[in-house]
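K.L.:
Okay, handing you the structure first.
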Amino acid sequence: MLSKSLALGSKFLFLVFLFLVLSFTPFINLYCQIFQPNSDSIPFAPAVNYGAGDSPISVFCADLDGDGDMDLAVANEGSANISILMNNGCGTFQPKVDYDAGNGPVSVFCADLDGDTDLDLAVANRFSASVSILKNNGDGTFETKVDYGAGVQPTYLFCADLDGDLDLDLVVTNYTISNSLSILMNNGDGTFQPKVDYEAGNAPHSVFCADLDGDSDIDLAVATTDGDMISIFKNKGDGTFEAKVDYDAGNGPHSIFCADLDGDGDLDLATVNAFSNTVSIFKNNGDGTFQAKVDYSVGDYPIHIFCADLDGDLDLDIAVANRNTNYVSILKNNGNGTFQAKVNYEAGSGPSSVFCADLDSDTDLDLAIANFYSHSISILKNLKNEYGALQIGDANCDGKVTVSDVVYLINYLFKGGPPPGC
């Protein structure tokens, strides 16, 4: 009797697997119908969550191990470390590996800081007034951190070649007490000179580096939370900066992004305003000066913004992480730098950072979201190009459909294993 039950159970599981394989394309259609809130929205699959450290607040997507896919680096404010989640090749991720940072890491940036062609980590540590540099060993593992002084309460950092010497320097925003920007110049080998500070208004919270005036050097755009301003620092061409020029933003700007939103060849600004629950768009006049803001409604307490072409129409849309909710808001570009009403997509609890990247190698852009309160990373796969990317039944993403896919799927269905990725 027991052997008959086992045989029947095995047959049942095989039939379940066969049914799923044969029905995979209709499931994708169903995803598009259920998880596409209206006919104009972008179809994202429901969130798949991965464990991070305590209070993850910043996520960055980059190929850390040189295998051609995008991995995740996460700053965990509560556990004073960085979590690395390696991509399995199809947008599913291995369990995290942690590396010590400073006290209260709140921003992580991946860039080749020492010129050896692999991507290192730069981390802003809010409660230790420092920046940590973790050099890549070449395989996606990292050396012990080296710390450099910043201002009081550094909240965000950005890596860019500020002085035109072909290595990447650091810009750090120092919140409240310091009210400054710190510039740390690279010595060319991933070590850094002592900081040089610039006055940055009341509570600078975020910075983005880009050529805003078209003169081929890198300028700075800063969101100042308590000042309700964005500030522009134009580069003099040598990595030193002119006095800031301010523009009125919404209430409590937290995060800023530079991108060509209206397709005219210059870089515009988008910022999220945490206390007015809006996004502000500032169009560039072509010379690094900006028009008055235009506001769009998003979710409750928006604190991070990312601009990317999410629907494949060659203009840049907006993704926003709303901390006091469990969702991100997507605003589709009309093609001219104006935006449609937000569409919300569920993530974890307390979305605090969003990054857009092609995580599953199907040529469209997915979402990685750091969830502050649920201590997790949510992955929302973009289904726009899913038909061309799927190999039906390849549950473990090894490029073949074999009995190992049956085992993988059974492990997912009955033992809590990772979800099928392909």
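K.L.:
What whole-number value in Å² describes the accessible area per residue of the stretch 321-364 for a 1.4 Å probe?
P.N.:
Working: 1400 Å² over 44 residues.
About 32 Å² of surface per residue is accessible.
K.L.:
Right, here's the next one. Taking the Cα centre of the stretch 213-307 as the origin and placing charges on Cβ (Lys, Arg +1; Asp, Glu -1), which of LEU261, GLY227, TYR247 is farthest toward the positive end of the dipole?
P.N.:
The one lying farthest along the dipole's positive direction is GLY227.
K.L.:
Show me 183-194, 44-55 ranked by packing, highest mean number of other Cβ atoms within 10 Å first. Walk me through the intermediate numbers first.
P.N.:
Numbers: 183-194: 16.6, 44-55: 19.4.
Descending mean neighbour count gives 44-55, 183-194.
K.L.:
A further question on this structure: Quantify, in whole percent, the carbon and sulfur part of the accessible surface of the stretch 235-394 (1.4 Å probe; protein heavy atoms only).
P.N.:
Details: 2640 of 5450 Å².
Reported share for carbon and sulfur atoms: 48 percent.
K.L.:
Here is a further query. Output wanted: per-residue J couplings in Hz (rounded whole) for the stretch 194-205, from phi through Karplus 6.51 cos²θ - 1.76 cosθ + 1.60, θ = phi - 60°, x for Gly and Pro.
P.N.:
Ordered by residue, 3J(HN,Hα) equals x, 5, 10, 9, 10, 5, 10, x, 8, 6, x, 10 Hz.
K.L.:
Also, quick follow-up: Using unit Cβ charges (K, R positive; D, E negative) and no other charged atoms, how large, in debye to the nearest 20, is the dipole of the stretch 53-181 about its Cα centre?
P.N.:
On the way: 4 positive and 22 negative charges, 154 e Å.
Around 740 debye, computed over the stretch 53-181.
K.L.:
Filter the cross-link list LYS135/LYS244; LYS96/LYS195; LYS244/LYS293; LYS195/LYS244; LYS195/LYS283; LYS283/LYS332 down to pairs whose alpha-carbon distance in this structure exceeds 22 Å. Write out the running numbers ahead of the final one.
P.N.:
On the way: LYS135/LYS244 33 Å; LYS96/LYS195 32 Å; LYS244/LYS293 18 Å; LYS195/LYS244 18 Å; LYS195/LYS283 31 Å; LYS283/LYS332 16 Å.
Among LYS135/LYS244; LYS96/LYS195; LYS244/LYS293; LYS195/LYS244; LYS195/LYS283; LYS283/LYS332, the Cα-Cα distance tops 22 Å for LYS135/LYS244; LYS96/LYS195; LYS195/LYS283.
K.L.:
Rolling a 1.4 Å sphere over the protein heavy atoms, what is the accessible area per residue of the stretch 124-238, to the nearest Å²? Don't jump to the answer; show the numbers that get you there.
P.N.:
Working: 4090 Å² over 115 residues.
So the stretch 124-238 comes to 36 Å² accessible per residue, rounded to a whole number.
K.L.:
If the viscosity is 0.890 mPa s and the temperature 25 °C, what translational diffusion coefficient in µm²/s does Stokes-Einstein give for the stretch 149-307 when Rh comes from Kirkwood over Cα pairs? Don't skip to the answer; put the middle values down first.
P.N.:
Working: Rh = 15.4 Å.
Stokes-Einstein gives a translational diffusion coefficient of 159 µm²/s.
K.L.:
Can you compute 3J(HN,Hα) from phi for each residue in the stretch 215-226, using the Karplus curve 6.51 cos²θ - 1.76 cosθ + 1.60 with θ = phi - 60°, rounded to whole Hz and x for Gly and Pro?
P.N.:
So the J values, rounded to whole Hz, are 9, 6, 10, 9, 9, 10, 10, 10, 9, 10, 5, 7.
K.L.:
Work out how much length ASN137 to ASN336 would gain on full extension: take 0.36 nm times their residue separation and subtract the Cα-Cα distance, in nm to one decimal. If you can, show how the numbers build up before the last one.
P.N.:
Details: separation 199, 0.36 × 199 = 71.64 nm, distance 4.35 nm.
Length gained between ASN137 and ASN336: 67.3 nm.
K.L.:
Using a cut-off of under 12 Å, list every residue of the stretch 161-180 whose amide N is near the label point 7 Å from the Cα of ASP112 along the Cα-to-beta-carbon line.
P.N.:
167-168
K.L.:
Continuing with this model, one more query. Could you run the Karplus curve 6.51 cos²θ - 1.76 cosθ + 1.60 with θ = phi - 60° over the stretch 168-174 and give me ³J(HN,Hα) per residue in whole Hz, x for Gly and Pro?
P.N.:
Each residue's phi maps through the Karplus curve to give 9, 9, 10, 10, 10, 8, 10 Hz.
K.L.:
So which chymotrypsin sites (Phe, Trp or Tyr not before Pro) in the stretch 85-135 are both in a DSSP loop and have at most 16 other Cβ atoms within 10 Å of their Cβ?
P.N.:
Of the chymotrypsin sites (Phe, Trp or Tyr not before Pro), the ones in loops of the stretch 85-135 whose Cβ has at most 16 other Cβ atoms within 10 Å are PHE127.
K.L.:
How many angstrom lie between the C-alpha centres of the stretch 327-356 and the stretch 157-220?
P.N.:
Computed from Cα coordinates, the inter-centre distance equals 27 Å.
K.L.:
Return the FRET efficiency for the residue pair PHE127, ASP100: r is the Cβ-Cβ distance, R0 is 22 Å, and the value is rounded to the nearest 0.05. If you can, show how the numbers build up before the last one.
P.N.:
Numbers: r = 14 Å, r/R0 = 0.64.
Efficiency for this residue pair is about 0.95.
K.L.:
Please label the shape of the stretch 74-150 as rounded, prolate or oblate, based on the square roots a ≥ b ≥ c of the eigenvalues of the alpha-carbon gyration tensor (a/c under 1.5 means rounded; beyond that, a/b larger than b/c means prolate, else oblate). Please report the intermediate quantities before stating the final value.
P.N.:
Values: a/c = 2.33, a/b = 1.32, b/c = 1.77.
Oblate is the answer for the stretch 74-150, as a/c is 1.5 or above yet b/c matches or exceeds a/b.
K.L.:
Can I ask one more? Report the full-extension gain for the segment ASP313 to THR363: residue separation times 0.36 nm, less the Cα-Cα distance, to one decimal in nm.
P.N.:
Details: separation 50, 0.36 × 50 = 18.00 nm, distance 1.28 nm.
Full-extension gain reported as 16.7 nm.
K.L.:
Chymotrypsin sites (Phe, Trp or Tyr not before Pro) within the stretch 238-283: which are DSSP loop residues with at most 15 other Cβ atoms inside 10 Å?
P.N.:
On the way: sites: PHE241, TYR247, PHE257, PHE275, PHE282; in loops: PHE275.
When the chymotrypsin sites (Phe, Trp or Tyr not before Pro) of the stretch 238-283 are filtered for loop state and at most 15 Cβ neighbours within 10 Å, PHE275 remain.
K.L.:
Taking square-rooted eigenvalues a ≥ b ≥ c of the alpha carbon gyration tensor, is the stretch 303-358 rounded, prolate or oblate, where a/c under 1.5 means rounded and, failing that, a/b exceeding b/c means prolate?
P.N.:
Details: a/c = 2.36, a/b = 1.82, b/c = 1.30.
Prolate is the answer for the stretch 303-358, as a/c is 1.5 or above and a/b outweighs b/c.
The values are calculated or read from the model by the stated rules, or taken from the named source; none is laboratory data. Owing to the predicted nature of the structure, the values given are computational and were not obtained by experimental measurement. Here Cβ is always computed from backbone atoms with ideal geometry, including for glycine, and neighbour counts include all displayed protein chains. Remember, those area values only see protein heavy atoms, side chains included, never the ligands or the DNA or RNA. Shrake-Rupley method; radii C 1.70, N 1.55, O 1.52, S 1.80 Å.
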